[in-house]
Amino acid sequence: MANNSALFAQTLTDWTQGTFLAPVPLWVWAMVSALVVIYLLALPFGGIATYIERKIAADMQDRIGPNRVGPLGLFQFAADAVKMLSKEDYVPPAGDKFLFNIAPVLVVVGSCAGFVALPLGQYLVAGDVNIGVFYILAVTTLIAPGILLGSWASENKWSLLGGLRSAAQIVSYEIPVALSILPVILISGSLQVGEIVKQQGWNPDLPIAANAHFWNVVHNPFTVFAFFILFVGGLAETNRIPFDLPEAESELVSGFNTEFSGMRFGLYALGEFVDVFVMCAMLAALYLGGWQLPFLELDKFWITLPSGLIALIHVGVFLVKTLLLVFVVMWLRWTLPRLRVDQLMGLCWKGMVPLALFNVLGTAIWVWAFKGQSMIQVAMGLFSGGGSSH
Amino acid sequence: MSNGIKLILLLAEILTVGSALVVAVNPNILYSAVFLLFSFLGVAVMFLFAGADFLAATQVVVYVGGVTILILFAIMLTQWMYRLKLRDVGSKFIVPAVVLALGLVPMLHRGLTDLARMVKAAPPEKMSEFAASPKTMEIGKALLGSHVLPFEAITILLLGALVGAVWLARPKS
Amino acid sequence: MNLLDFANSIEGYLLVSSILFVLGVFAVLTRKNAIGILLGIELILNAAGINFVAFSKFHSAAMDGQMVALFIILIAAAEAAVALAIILRFYRLKQTIDADEASLLRN
C-alpha cells in the first residue's frame, strides 16, 4: 500500500497519541474510518436521494410530492425505512432461500465499498489506495452478480429476464466506462484519485501559461467526449433511465426485484442510489476537478483561512459537483423514454465502444504531441507569442 | 505487520479454501458457481497481501465481473428454470478422485516448499521493499518492455477468443 | 509455528494453492456437467496464479511472477468465453450439457 493509503486513519492515530486510545493500531482506525464514511455518507445519501428523487419527479409532473412527515416531508425516508422494516419478510417458497438472502447484500457491499476511495477533500480520504480508480471499478462489479443471483433466486420469469438483462448490460457497458477513464489516466499518469484531483487545480506559484491545466473535461477535445461517454455508461451501469431495462415496469412488472419486499428491497434500492452517487462522484473527481474550486487555491488565499474551514469548503465543493450530476441523472429519468434491448446493445457496441477507443487514441496522440499540455495551455502559448514556449 | 492484519489474511485463505471445497463437492452447479465467486475474492485478498495490488484488482474485475457472470449466464441459459437441482456428483471416478485428492495435497505442498528452499532467495530487505511498493507503473513498464512479446501474443489471443466465441454462439440460420 | 505467521509465509500460500489445485482436479474428474468441469479448471488456474505471486513476493522480489499471474488471468478469461460458447453450442445441438454425451465422433 502507498504511504498515504489511510490518510484519515493516520490522522486518527496521531490524534489519539497520549490518550487512553493510544494502543489502538492503525488498521482498526482504517476500518473505523471506512465504516464512518459509509454510515455518515452512504446510508443517509441513500435515504435522502429517495426524497429528492420524489420531489424532483413531483415538480416535473406538477405535483406536490411527499409533504407529510416532518418539515417539507424531509423525514419521509425515515418513515419509508420504518415501513420497510415492518413489512412481511417474504421469501418465494419455490425460490432459493440462501441466494435470496445474500444477493441484496452483495449489491450493497459492492456499491458502499466504492465510497472508501472517494476523495471528499484534500486530506479527507478514508483510504487513498494507489490503484484508486481501478479499485472503484473492481468493487462495483460485485453488483452484477448480486442482481443476477437475486433474480434467479426469486423463481420468477420476470425477475430472471430482468436479471439477465441487467447482467448483460452491466458487463457490456463496463467496457466503454473503463475506456473513458483511460484518457484521464493518460493525462495524469496516476490511478490514485487524490493525485488525479490534485493535478486539476490552479497553482499560483507558476506563470500563467504554464499552469492552466484545468479540469480534465476541457483538457483536450477528446476528453469532452470521454466525459459524456462515461456519464452515459454510468447511467447504464447503475440501471437508470433510459437504460433501466432490468426493471422495465411496463414489460417486466418490476424486473429483478419483483419478489423482493421489506428490507431486502430496501437494500436493493439503497445499493442503486449509492451506486449512482459513487458514479457521479467518480465523474466529478476524474473530470470536474473534485474538491478543487476553479481559479482559487484556498491555501494561498489573500487572507489565511483556518485549515478546518478549507477542508469544509473542499467537501462542500465536491458534494455540490456530485449532487449536480445526481440531479441530472434524476432529471433524465423524467425526460427520456426507455430504450429497447437491441438498441441498448447496439448503442454500446456500435456507438460507444468505437468512440471511446477513438478517444483513448486521440488523447494519447494529444499528450504525446503537446507534451501533456491542455487545450487552454496550448491556446495561451499561441496567444503569447510563437507557440514555441517550451 | 500486526497480528490483526495477519488475521485478515488467514480469514481470506480460509474463505478461499472453504469456498473451493464447496465448488468441488456441492451437487448444485449454481451454488458451485456462487462459491467460486467467493473463492476468487479470497484469492484477490491473498494477492493484495503478497504486494500485488494491481493484480488483485484485475482478479476482481476479470473473474467477478466477467468469468463468474458468464458462467452464471451459461447455467441459467442451459438449465430449465424449474429443474435446477442437478444430481451431478456420482460419477464413476469418485473413489479414485478422493484417493488422488488426499494423496496429492501433501505431495504437492512438500514438493513446492522443497523447491522454495532450494531456489536462492532475494535478500530480506529487498523483499520487504518489494512488498510495500506500488506495482502499477512497474507492470506497465514490463508490459511494454521486457514482456512485450507475451503481451502482444495475449492481445491476438483475446481477439481470436472474441471472434471465435461470437462465431460459435451465433444464432441458427 | 504460529498459525498467523504460517498464513503469511510462503508455506501458507503454497498450501492454499495445493488445496485449490487438488480440488480443481477433483471437480474436473467427478463432474459430469460441462460447466462444472469449467469451474474446476478455473480453480486450477487460480492455484497456479497464487503460486506465481507467492514466489514473486517471498522469493524473487521481482515482477516476473506477477506478470505471469496477470497473463494467467487474461488467458483464463479468454478460455472461459470460448468454453462457454462451445457449451451453449453443444446445448443447442443435444439439449444437454452432460460432458459424457459429447461422443459424436465415437459412432
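The values are calculated or read from the model by the stated rules, or taken from the named source; none is laboratory data. Because the structure is predicted, anything quoted here is derived from the model rather than measured. Virtual Cβ from ideal backbone geometry, glycine too; neighbours counted across all protein chains shown.
Some notes on this structure:
- With respect to the conditions (1) without any contact (Cβ under 8 Å) to a residue 12 or more places away in the chain; (2) more than 22 Å from A:VAL274 (Cα to Cα), A:LYS87 falls short on a single one, namely (1).
- Hits in segment C:1-33 (condition: more than 7 Å from chain B (Cβ to nearest Cβ), of a type in the set (A, V, I, L, M) and farther than 20 Å from B:VAL95 by Cα): C:MET1
- Check on C:ARG31, in contact (Cβ under 8 Å) with a residue 24 or more places away in the chain and among the basic types (Lys, Arg): yes
- Single match in A:ALA144, A:ALA113, A:ALA138 (criterion: without any contact (Cβ under 8 Å) to a residue 12 or more places away in the chain, assigned to a helix (DSSP H, G or I), closer than 28 Å to A:GLY290 by Cβ and within 12 Å of another protein chain (Cβ to nearest Cβ)): A:ALA138
- The sole residue among C:LEU88, C:LEU23, C:LEU43, C:LEU74 that is in contact with a Phe, Trp or Tyr (Cβ under 8 Å, 6 or more places away or on another chain) and either in a helix (DSSP H, G or I) or over 19 Å from B:GLY66 (Cβ atoms) (or both) is C:LEU43.
- Residues of segment B:46-99 satisfying the condition of being at pLDDT 75 or above and in a loop (DSSP other than H, G, I, E, B): B:ALA50, B:GLY51, B:ALA52
- Test result for B:LEU30, buried (at least 24 other Cβ atoms within 10 Å of the Cβ), within 11 Å of chain A (Cβ to nearest Cβ) and farther than 18 Å from C:ILE73 by Cβ: no
- Among the residues of segment A:259-281, those identified as surrounded by fewer than 23 Cβ atoms within 10 Å (Cβ to Cβ) and not in a helix (DSSP H, G or I) are A:GLU259, A:SER261.
- Flag if C:PHE26 is free of Cβ contacts under 8 Å to residues at least 24 places away in the same chain, more than 21 Å from B:ASP53 (Cβ to Cβ), in contact with a helix residue (DSSP H, G or I) (Cβ under 8 Å, 6 or more places away or on another chain) and of a type in the set (Phe, Trp, Tyr): yes
- Given (1) outside any helix (DSSP H, G or I); (2) within 10 Å of another protein chain (Cβ to nearest Cβ), index of the condition A:PRO119 fails: (2)
- One residue stands out in segment C:48-82 among those that are among the small types (Gly, Ala, Ser) and buried (at least 24 other Cβ atoms within 10 Å of the Cβ): the one that is farthest from B:ASP114 (Cα to Cα), namely C:ALA80.
- Qualifying residue in segment A:372-381 (condition: part of a helix (DSSP H, G or I) and loosely packed, with under 13 Cβ neighbours inside 10 Å): no
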